[in-house]
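All remarks here apply to the structure that follows.
Any read-out appearing in this document is the output of simple, stated calculations on the displayed coordinates, not a laboratory observation. The structure displayed is predicted, hence computed values, not measured ones. Every residue, glycine as well, gets a Cβ built from its backbone with ideal geometry; the counts of neighbours run over all protein chains shown.
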Amino acid sequence: YQIYPRSFQDSNGDGIGDLKGITSRLEYIAELGIDAIWISPFFMSPQRDFGYDISNYCDINPEYGTLADFDEMIARIHGLGMKLMIDIVPAHCSDLHPWFEESRQSCGNPKADWFHWVDPNPDGTVPNNWLSFFGGQAWSWEPRRQQYYLHNFLSEQPNLNHANQEVRDALNKVARFWFDRGVDGFRLDAV
């Protein structure tokens, strides 16, 4: 049973669904015979792509609640005999994520190759004609590095470089963080 938290159930009257709202409806969901729930992204995000632009993989966006709200929700899900699967977005993050903020500063910092960076063509243009799924070029210029970075979606969603073992290790730590909180599995978005 997929739940998009933003529109599912608002518990505090601000017009945005939240984790407490989900928790308030769990008995009903269990009565439907559902054995697993999949919740779309609720992580810290500037919400340019409604949660698929993650700025912190290990925290909750305040409009959805807190980690304590998450812990209460998952305890109730398991108490009702259901499992919980959450979205992880491993292909890209927000341009406001600390990983990208560091990477974009220079070609020589510790996270310089955590994203796909390329030099411009000799005339300064983009390296190729790849297009974003959301329209327009899949490359954006970063003046600090004097390079282009790849984004398959919004320019605010830079693609992570999975050829870098440190990126894979960091995402494994994210998965471990949520497994340790009781999550039963993940849906890997945009892989």
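Observations, loosely collected:
- Radius 11 Å from Cβ of LYS111, net charge of other residues (Lys, Arg +1; Asp, Glu -1): -3
- Neighbour net charge for PHE43 - beta-carbon separation under 11 angstrom, K R +1, D E -1: -3
- Here the dipole of the chain is about 260 debye; that uses its Cα centre as origin and unit charges on the Cβ of Lys and Arg (positive) and Asp and Glu (negative).
- Taking a ≥ b ≥ c as the square roots of the eigenvalues of the Cα gyration tensor, an a/c ratio of 1.5 or more together with a/b larger than b/c marks the chain as prolate.
- Between the range 143-162 and the range 28-72, the Cα center-to-center distance that results, in Å: 25
- Summary value for the range 35-104: 39 percent relative contact order, contacts being C-alpha pairs under 8 angstrom separated by 6+ residues.
- Ranked by how many other beta carbons lie within 10 Å on average, peptides 177-186, 116-125, 2-11, 82-91 from highest: 82-91, 2-11, 177-186, 116-125
- The range 1-56: C-alpha gyration tensor shape, a/c 1.5 cut-off, then a/b vs b/c: oblate
- The trypsin sites (Lys or Arg not before Pro) of the range 98-179 meeting both criteria, a DSSP state outside H, G, I, E and B (loop) and at most 14 other C-beta atoms within 10 angstrom of the site's C-beta, are ARG144.
- Overall, the anisotropy analysis places the range 127-191 in the prolate class: the square-rooted eigenvalues a ≥ b ≥ c of its C-alpha gyration tensor yield a/c not less than 1.5, with a/b exceeding b/c.
- Within the shell defined by Cβ-Cβ distances under 15 Å, the residues around PHE100 carry a net charge of -4, with Lys and Arg each +1 and Asp and Glu each -1.
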